[in-house]
Amino acid sequence: MKAIAKTRPEAGIEIIDMKEPSPGAHEVVYSLGAAAICGSDLTMYRWDNWAPGTVKPLPVVLGHEMSGTVVAVGKGVEAFKPGDRISAETHISCGKCWYCRNDRSHVCSNMVLFGHNVNGCFSEFGLINERAVWKIESDVPLELAAMMEPLGVAMRGAEAVDLQDQPVAIIGAGPIGQMVAAVASTRGAQNIIVIEPCPGRRKLALEVGADVAIDPGAEDPVRAILELTDGIGVEVVIDCSGSVDAIIDSIRYTRTCGHLVMIGNPHVPITIDGLRDIVHKELHIQGHFGRRIWQTWGRTEAFALKYPEKLARIATARYPLIRGHEAFEKALDGTQGKILLLPS
């Protein structure tokens, strides 16, 4: 079978041939329905500073956003059977540590990452531990089901604070930011403002739920947002960019007693000169890492079933696995929504 793999500690990927997997105890083998390229996959493709400490050992099949159909199960698997339609959780938990035993398995102390530490989903057939398998109970199309994992990240960000009748700023309108805009638009937010330099991504964010899109290269987001909110600022900022400068700026346009929700991943240290502002404005700052297992997943599937047109709009390109190089280059240009990979 064909697979997209990271084989060497340098920039690039390879399309390789490998044997179809067989399930061991508590493992599930699936045929790929669809997969999606994540920003972390692009980091591994570029082999940025963050990648060497996270992607090991090599070689490894990349990818963790997927849907598929079960074709075989290993000994001890009782919850899944051939023919089941599934998606997968990236955070493969141990089930034994303090966090797993206290309903926080998404931050497991012994976490293994699908597509980072074990072979991922960019292959015609894949293998995953049953602990990370979500059974799709509805008729959500497999292409949309492949987007439920990142949708879960966006949903946690949008659910962190009550958005009803509140102005919200979203930093970054990549696929996650687009999804946050889509979710926020269904949760009663009244003025959804997106900050994004790419024209195509601003347009897409507006199509799926944003009310205003600001180009930070053309105008000062702080001034623009304060003008849009009568000088008070927004109640909620949701950072999907990991941009240090943008995060620091957001402190200035978040209203007093407001909320800064961080789901982006800064890859450089953040130095904040205005820590007094955090204290004096009584800001609430919270981070979210992945999805709550399995609470978030039920809500993501329900969203995909209720608002399929929003998710479908975010999927802007599709490639077969064997054209993986083209797919990654398309994703790297920074103008797209989700890039989907389909079986050859």
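The values are calculated or read from the model by the stated rules, or taken from the named source; none is laboratory data. Since the structure is predicted, the reported quantities are computational estimates derived from the model, not experimental observations. Using ideal geometry, Cβ is built from the backbone for each residue, glycine included, and neighbour counts are taken over all protein chains shown.
Here GLY290 fulfils each of the conditions (1) on the phi < 0 side of the Ramachandran plot; (2) surrounded by 14 or more Cβ atoms within 10 Å (Cβ to Cβ) apart from (1).
A quick yes/no check of all residues on (1) surrounded by fewer than 23 Cβ atoms within 10 Å (Cβ to Cβ); (2) free of Cβ contacts under 8 Å to residues at least 60 places away in the same chain; (3) in a helix (DSSP H, G or I):
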{"site": "GLY152", "(1), (2), (3)": "no, no, yes"}
{"site": "GLY157", "(1), (2), (3)": "no, no, yes"}
{"site": "GLN164", "(1), (2), (3)": "yes, yes, no"}
{"site": "GLN178", "(1), (2), (3)": "no, no, yes"}
{"site": "ALA189", "(1), (2), (3)": "no, yes, no"}
{"site": "GLY200", "(1), (2), (3)": "yes, no, yes"}
{"site": "LEU204", "(1), (2), (3)": "no, no, yes"}
{"site": "PRO216", "(1), (2), (3)": "yes, yes, no"}
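Restricting ALA88, ALA35, ALA51 to those that are in the same structural domain as ARG131 (by TED's automatic domain parsing) and either closer than 12 Å to ASN129 by Cα or among the aromatic types (Phe, Trp, Tyr) (or both) reduces the list to ALA88. Within segment 73-101, residues that are modelled with pLDDT of 95 or more sit with their Cβ atoms under 7 Å from residues that are among the acidic types (Asp, Glu) and outside any helix (DSSP H, G or I), at 6+ positions apart or across chains, in these pairs: GLY74/GLU27.
Give segment 301-327 a look and list any residue that's surrounded by 21 or more Cβ atoms within 10 Å (Cβ to Cβ) and either closer than 20 Å to LEU204 by Cα or modelled with pLDDT under 95 (or both), or say none.
PHE303, ALA304, LYS310, LEU311, ILE314, ALA327
Just one of the listed residues (GLY298, GLY337) is assigned by TED's automatic domain parsing to the domain that holds GLY68, among the small types (Gly, Ala, Ser) and in contact (Cβ under 8 Å) with a residue 40 or more places away in the chain, and it is GLY337. When we screen ALA5, ALA72 for residues that are in a strand (DSSP E or B) and surrounded by fewer than 20 Cβ atoms within 10 Å (Cβ to Cβ), the only hit is ALA72. If the condition is being surrounded by fewer than 20 Cβ atoms within 10 Å (Cβ to Cβ) and touching a helix residue (DSSP H, G or I) at 6+ places or on another chain (Cβ under 8 Å), then segment 86-103 contributes CYS94, GLY95, TYR99.
Inspection of segment 12-29 finds a residue satisfying the criterion of being touching a Pro at 6+ places or on another chain (Cβ under 7 Å) and more than 27 Å from ILE176 (Cβ to Cβ).
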